[in-house]
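The values are calculated or read from the model by the stated rules, or taken from the named source; none is laboratory data. Predicted, not measured: the structure shown is a model, and the values here were computed from it. All Cβ positions, glycine included, derive from the backbone under ideal geometry; neighbour counts span all protein chains shown. We work out accessible area using only protein heavy atoms, side chains counted, and drop any ligands, DNA or RNA first. Shrake-Rupley method; radii C 1.70, N 1.55, O 1.52, S 1.80 Å.
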Amino acid sequence: MLTIQILTKNKQKTIRSTLESISSLGSTIIIGDLGSSDDTLNICKEFNAQIISLKNLDRSAARNKLIDSRSMNLWMQPWEI
């Protein structure tokens, strides 16, 4: 099983194209939100992504929190396609 993790904060301009590019993979998508205040999370919900609030963590601790040891993990940036 492949799990795709994306750390994001206020990336509404790019997150949709990222999620569209991976939606056909049938993978679990986990969004680690670092405190978005724009429409980023609503867009992620459209793609049935699991959203985890990590706003009190630094990026390194946030990545460690998202690792799923039961699957293969793929990290993406919220602007990658």
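Quick rundown of the values:
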{"read-out": "Some residue of the range 53-61 being in contact (Cβ under 8 Å) with a residue 12 or more places away in the chain and in contact with a helix residue (DSSP H, G or I) (Cβ under 7 Å, 6 or more places away or on another chain)", "value": "yes"}
{"read-out": "Criterion violated by Asn64 - all others in (1) free of Cβ contacts under 8 Å to residues at least 24 places away in the same chain; (2) crowded, with 17+ Cβ neighbours inside 10 Å satisfied", "value": "(2)"}
{"read-out": "Of the criteria (1) in a loop (DSSP other than H, G, I, E, B); (2) at pLDDT 85 or above; (3) of a type outside the set (Asp, Glu), which one Ile22 fails", "value": "(1)"}
{"read-out": "Qualifying positions in the range 19-42 - of a type in the set (Val, Ile, Thr) and buried (at least 17 other Cβ atoms within 10 Å of the Cβ)", "value": "Ile22, Ile29, Ile30, Ile31, Thr40"}
{"read-out": "Matching option when the condition is outside any helix (DSSP H, G or I), open to solvent by 50 Å² or more (accessible area, probe 1.4 Å) and either at pLDDT 95 or above or on the phi > 0 side of the Ramachandran plot (or both), among Asn48, Asn56", "value": "Asn48"}
{"read-out": "Residue that is least open to solvent (accessible area, probe 1.4 Å), among those in the range 67-81 that are among the polar types (S, T, N, Q) and touching a residue at least 60 places away in the same chain (Cβ under 8 Å)", "value": "Ser71"}
